[in-house]
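So the structure is just underneath, and the comments pick up after that.
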Amino acid sequence: MKRDISRRDLIKLGAASAAVMATGKVGGSSALAGTVDLAAGGKDFSPQTGAERKMIPSACWSCVTRDSMIGFVEDGRLVKLEGNPNSIRGRGKICSKGASGINQLYDPDRILYPMKRVGKRGEGKWKRISWDEALTDLAARLKKLRDEGHPEKFMFHYGRMKASSSKIIKSVFLANYGTKTIGNHTSICEGAKWTAQELTWGKHYDNWDFDNTKFVLNFGSGVLEAHTNHIPTCQRLGDAMVDRGVKMYTFDVRLSNTAAKSTEWLPVKPGTDGAIALAMCNVIMQAGLYDKEFFKFIRATKDPNASTAAKVAALKSHLAQYTPEWAEKVSTVPAAKIKSLALEFAKTKPACVISYRGAVAHYHGADTERAVQMLAAITGNIDNPGGRCRAVGAKWKYPKGPKKKPKAKALKIAQGFPGTIAYPTHGANHQVLKMIKDGRAGRPEVYMWYCYTPVYANGECQENIDILKDESLIPFTVCVNAYYDESAALADMILPNPSYLEWWDYEDMVSPTQVPEYYIRQPLVKPLGESRDFKDVVCDLANRMGFPLGFNSAEEFVKMSCEKTPAVKAAGGFEYMKKHGVYHDPKAKPKYYGYKKAVKPDALKKDGVIFDKATGVYWNWHKSKAKSEAEAKEKGYTKTKNAYKGYIGQEIGGKVYAGFKPDKVNKSGYFEVYSELLEMKKFPALPSYVPIPEHKKMSANDLILTTYKVPVHIHSRSANCKWLTEIYHDNPAMINTRTAKRLGIKDGDKIKVKSEAGEITTTANVTEAVVPGVVAISHHVGHWEYGRYASGKKSPLAAGDDSDFKLKWWTKKGVHPNWIIPNKPDPISGQQRWMDTVVKVRKA
Amino acid sequence: MSENVALSRRKMIKGAGALALGAAAGLAPISKATAARGKAPRWAFIVDLRRCTGCRTCTVACKAEMNTPLGAFRAAVYDQVVGTFPKTEKHFLPRLCNHCEGNKEDGIPPCIKDCPEYPKDRRQFITPEGKKIRYRGGATYKRPDGMVLYENELCTGCGKCIKACPYGARSWDKLLISGKDSTKNGIAKCTFCQHRVDNGVVPSCVNMCPQKARIFGDLNDPNSQVSKLVKEFGLLENRDKNTLLPKENTVPMLFYIDPRGALMKMANARKKFEKEEAWVDQIT
C-alpha cells in the first residue's frame, strides 16, 4: 500500500507523543489544551514532518505592547510564534501582527550587511562594507565632535526604544558620549495624552481596568484593534462585554472595528470629543453626581486649600457654558444622548473612560485629554478598581555605566520652535527636520535614526525627503535598520540591525492587572547575515571612543540587570528568565489608590525638604536646579526648574499624602483639574474647548482628513510582512455616501485629495461607515520603498528570496496620506495634529 | 502528570502501533466522560460572533501553522458594512472548512462524494479506550471523529473536491504537487489542525484568538465547552440560522453564535458564502 507523507509523519508524531505528552494541561472537562505550556514541559511538532520543535520564550516588538510570546524553532529556523501562557499580561495571546513576526525575520528584502552610499544621497547606489570599516568611520566622526566639545552635534533619533534598549542606548551610551540631542516619535503618536496626564495626575500612561469595570466610555480609541497595550486590554474588554454584559459607547468619526463591537457607535465630528466630555462633566456636576470623597484630592481652583464646596462651585460655574445642546451643535452628537450617557457613566460604579488618538491628535488635543481626565476624576474613577488607573510596570535595576558622566549638551531642535508649544514634555519631533532646515537652533553634523522613519512617519513627506537629501543641511546621515525603508534610502551609512526576534532585552510594559510583570526578549535564532544588534554596536563604539560602558553586549546587560533586580534575582535570575520568559510576584496585590498613602513624617525631616505654601507641596530643593534653599523658597516649587524631581508629598487638610506625584512638570500632588502651569503660559487653567482654527474657516465643500489604523498592520513597519499585506494592501479613502454624492464621486472613482501641504491621487471608498464631511485614509501602506510586498519592488539591498513571491496576487499598494498632512503641533503638548487637515476632494 | 495524561499517553502508543500496521488512527485525547462511553469524539467548531473583532489573528495563525502559500486561505475573515449612517453596522465572519457531517441519506460530504479517489483503503479509528471503528480512506475522507481530511499522496489533482464544496473552502496549494499527477497541484483546506488535536492541543486559530471567539471540542463530551454552548444557544436545533448555506444540506459542524443576525445581514448585503466568491481575507 502506498503511504503518503502525512501518514508516515503521523507515525512519528505518535511515537514522539508517547515519549512526552504534548501538553501539561490535560484534565478538567475538556481534554484539549491551548498554547503548549512551556512551564509544564510541553512540546510542539511540525504538521509537515512531525519533527519536534524547540520552544523559546521571548517577547514581541511589533508594537509597543510587547507581548510575551514563545518562538518555535525547527532545524534552526523560526517557524511559528504563539503567546506565552504564563504571562499575566497577555494570557497566552498575541495578535496578527505578532504572529506574522516570522515575516519580519525572514523578510527577503532585509539588509544583512553594513552599507555605504556610493552615488548621490538618495540615488540608491550602495557599497557593502565591513563592520570594522563602518565603525572606524563612525567612531572617528563621533569622537571628533566629542573632542571638539560639541557632542550635541550628534543627533540620535529613535522611534521605538524601550526598557533595556532605552537604558543601554540612551541612559548609558548617549549620556556617556555627552549628547542630549535626542529625538523620539511620541508627538506623532499620542503625546497630547501624556502631557495632559502629566499636568493632571503626574506620570503618563493610563491603564484601563476592564477586569473590574462595569461601564466603558470611549473617546477615539481603537482599543479592540490597535491600542498601545492591545492584547492585554482587548481580551479583557471582550470578556467584560460578553461575560459580564458591560456596555461600551464609542465616539469616533469612523466605524472602526471597536466602534462596530461597541454597544453603540456615536459618530462625532473630528476634534470635538472635548466638547462632549466637557458637556458630560457639566451634566454630572449639575446633577450632583460627583464623587465628594475624591474631590478632596482634586485641585479645581487657584487656591490649593479650597474646600470641596468651593471646588464644586468653581467647576459648576466653569462648566455651565458647556451645555449638551451646545455640544450637540459642535459635535453633532444629540444632546439627549450626551446627557443620558453622562448620567449612566456617573451612576455606574466603577466606570472607565478611555481615550486615544482620535480624541487627542488635534489642536488643543491635550485639553481634550484633560477634559477626559476630569470626567474620570469628578466621578471618582481614578486609580480605582474598574477605572482609569496609573500604569504599573516592572521596575528593573540596571548597570548605569561609568560613574563620571560628561555634562551632556543639546541642540534645542526636538521640542519645536521657541514659544510655539507650552509643555512639549514628549518632544515635538515632527518639527525636527523643519528646525534643522531653519538652522537657528543649530544643525547636527551626524543625524542617526533608529527604528524610526522620519520620511514616512511624519507629515509632509516631500519636505522630509528634501531636507534629508540636502547634504548642506545634514552632512552625515546614519540609518540603523533591518529594512530598506523610505528613510534608509536617504542614509549615507546603513547599520544592519537584526529583527527583534534576534536580540536581547529586558521588558517592562504596563500590566493590565496592576501587578508588574518582568519579562525578557531573547534571540530565537542567530542574527541573519552580518546583522548586529545596535545595543551591542554601541558597546563597541564606546570602546572605540575610549569610554567603556562596563558591559559589552545587550545579553550581558540583561544578565546583569536580572541579578541586580531583587524580585527577578530571587526568582532565579537570568537563568530563570531565559527558561520561563516572564516573572511576577504571585503574592503581589494590584496597585490602586496610591495617592491616598500617607507620607511618613521622617521623609519630611530630611535635609533639603521644604514646604511650599502656594501649592501645599513638600519637596527637596537639592534635587532641583535651585542653587540655595533661599533661592528655592523665593522662587517657590512651581517656578523652580526641575522642582518636581524633589517632590515628597502633598499637604491636604493638615495631612501629607503621597498624592499624584509629578513627572516632567512642577505640578502639585493634587489631581490638577485646575492647572496653574497652563495658566502661567496663558492657556485656560480649567479644561476648555478651543475650536480648531482651520475648521472655523472651512468652505462648504471642504472636508476634514483623518487617519486611522487597521487591525493587521503596525503604523509603518509591517507592509513587507506578506501575510499582513496580503490581507491589507490598499487604503481607498473612506467618504460618506451623502458627501460623495454632493461631490459627484462614486465608489471606486479615482479622486484627488488636496491640502495646503500637497495633493494625492487615490481611490474613493464610498461608505456608510464614516461621518459626512470627512475623508478617512489609513496609515500603513502606500510605500515606495521597503521591499517587494510593500512597494512592489525589491529593495536594492535585498539579501534573500521567497518562493511565495511569485504567488503575490495583488498589485495595489495604497497611497500614503502623510504627503498632504502638514506637520503642525498642538500648542499645549506639541502633539502632531493628524486629524485637523482641511482638504478639497474632487474626481480625478 | 495527571492520570488523564498517563491514560492519553498509553492510548497514543496504541495509536501509533495501529498506524504502523497500516491503519490510520485518531489519536484522540480523552476525558473521563468520553472514556466511559467508548465513542469516537465528535468534533465541533463554534465561532462566537459576539466576541470576534475582525482582528485576523486566526488568519495569520493559520498561515503560520500550515505555512499556507499566498493566495490560499484555510481560515479567513469576511467584513461587511450594513445599514445606513448613522445606524451603520459592521460584521465580521470567520470562515473555515465546515467539516460537514454530510446529508442524512449517506452521511458523505459533497467534496468526498465527488472525489474519484474515494473510497479506497480500509482503515481503523481507535477510540481512546481502544475500541476500533472501521472507515474508508481516500484522497479525501472523513474520519469517525468527523474530521474531513485529505491525503496528497492519493490525490490526482483533478480539482473536483474544490468544485464540489458549496462554500469554496478548498483551494489549490500552488506550492504542492499532487501525489498522483506531477503536472497538477495538490489542494489545501482546513484540517481542524489534526496534527495538534491528535496531540491534545486545540487548533492553532482557536489557541491564538485573543477574544476566545473560536471554540473547539467534543460534542460527545457533555462537559466540553462546545456541548455547553450548543445547548445554551440551541445550535443543533437551529442549524438553518447558525450554519452557512443550510439549503445545501451538508450539515456543517461549524456553528456560529450570532445574536445580532450577522449571517443573514451579510447574506442580504452581498456575501453569499458561496464557492463563486474568492476565498480571500481582505480588509476593505
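Read-outs throughout are calculated quantities, based only on the coordinates presented, and are distinct from any laboratory measurement. Not measured: the values here are computed from a predicted model. Using ideal geometry, Cβ is built from the backbone for each residue, glycine included, and neighbour counts are taken over all protein chains shown.
Odds and ends about this structure:
- Here A:LYS316 is the anchor, and the lysines within straight C-alpha reach of less than 19 Å, apart from those fewer than 8 places off in the same chain, are A:LYS292, A:LYS296, A:LYS302, A:LYS339, A:LYS347.
- For B:PHE125, residues with placed amide H under 5 Å, excluding near neighbours: B:ILE133, B:ARG134, B:TYR135
- Local net charge near A:TYR290, Cβ-Cβ under 13 Å (Lys/Arg +1, Asp/Glu -1): +4
- Cβ crowding within 10 Å, taken as a proxy for footprinting-reagent exposure, orders A:MET374, A:MET545, B:MET253 from fewest neighbours to most as A:MET545, B:MET253, A:MET374.
- Gyration tensor verdict on chain A (Cα atoms; rounded if a/c is under 1.5, prolate if a/b is larger than b/c, oblate otherwise): rounded
- Comparing B:ALA262, A:VAL568, B:VAL202 along the charge dipole axis of the protein assembly as shown, the residue lying farthest to the positive side is A:VAL568, per the Cβ-charge model.
- Protection-proxy order for peptides A:376-387, B:132-143, each taking the mean of Cβ atoms within 10 Å per residue, highest first: A:376-387, B:132-143
- In this structure the amide hydrogen of A:LYS80, modeled in the peptide plane, comes within under 5 Å of the amide hydrogens of A:PHE72, none closer than 5 places in sequence on its chain.
- Segment A:778-844 and segment B:186-246: distance between their alpha carbon centers, rounded to Å: 38 Å
- Looking at segment A:264-342, the trypsin sites (Lys or Arg not before Pro) that sit in a DSSP loop and have at most 12 other Cβ atoms within 10 Å of their own Cβ are A:LYS302.
- The simple Förster model, with R0 at 45 Å and r as the Cβ-Cβ distance, assigns A:SER166 and A:LYS794 a FRET efficiency of 0.85.
- Positive dipole terminus of the protein assembly as shown, leading residue within A:PRO590, A:ILE714, A:ASN731 (C-beta point charges): A:PRO590
- Net charge of the neighbourhood of A:SER307, taken over other residues with C-beta under 13 Å away and scored Lys/Arg +1, Asp/Glu -1, is +3.
- Cα gyration tensor shape for segment A:594-680, rounded if a/c is under 1.5, else prolate or oblate: oblate
- Ranked by how many other Cβ atoms sit within 10 Å of their own Cβ, fewest first, the residues B:ASP48, A:ASP209, A:ASP243 fall in the order A:ASP243, B:ASP48, A:ASP209.
- Cα-based shape type of segment B:3-269, given that a ≥ b ≥ c are square roots of the gyration tensor eigenvalues and the cut on a/c is 1.5: oblate
- The charge dipole of segment A:206-390, taken about the Cα centre with unit charges on the Cβ atoms of Lys, Arg (+1) and Asp, Glu (-1), comes to about 340 debye, rounded to the nearest 20.
- Inter-label distance for A:ALA140 and B:VAL251, nm, one decimal - labels placed 7 Å from Cα along Cα-to-Cβ: 8.0 nm
- Test item: Cα-centred dipole of segment A:699-843, Lys/Arg +1 and Asp/Glu -1 on Cβ, debye: 400 debye
- In plain terms, the chain from A:LYS752 to A:LEU604 could stretch by 46.9 nm, reckoned as 0.36 nm per residue minus the Cα-Cα distance.
- For B:ASP48, the residues whose amide H sits under 5 Å from its own are B:ARG214, B:ILE215, B:ILE257, ignoring neighbours fewer than 5 places away on the same chain, with H placed 1.01 Å from N.
- Proxy reagent accessibility, fewest Cβ within 10 Å first, across A:LEU541, A:LEU138, A:LEU255, A:LEU224: A:LEU541, A:LEU138, A:LEU255, A:LEU224
- DSSP beta bridges confined to the protein assembly as shown are antiparallel in about 60 percent of cases.
- Within chain A: Cβ-based charge dipole about Cα centre, in debye rounded to nearest 20 (Lys, Arg +1; Asp, Glu -1): 1000 debye
- Among residues other than A:GLN197 with Cβ under 11 Å from its Cβ, the summed charge is +1 (Lys and Arg +1, Asp and Glu -1).
- When the Cα positions of A:LEU343, A:VAL246, A:GLY83 are compared along the charge dipole of chain A, A:LEU343 comes out farthest toward the positive end, with charges on each C-beta of Lys, Arg, Asp and Glu.
- Taking every DSSP helix (H) stretch of at least 4 residues in chain A, weighting each as -39,500 (n - 2.57) and dividing the sum by the residue count yields a mean residue ellipticity at 222 nm of -8000 deg cm²/dmol.
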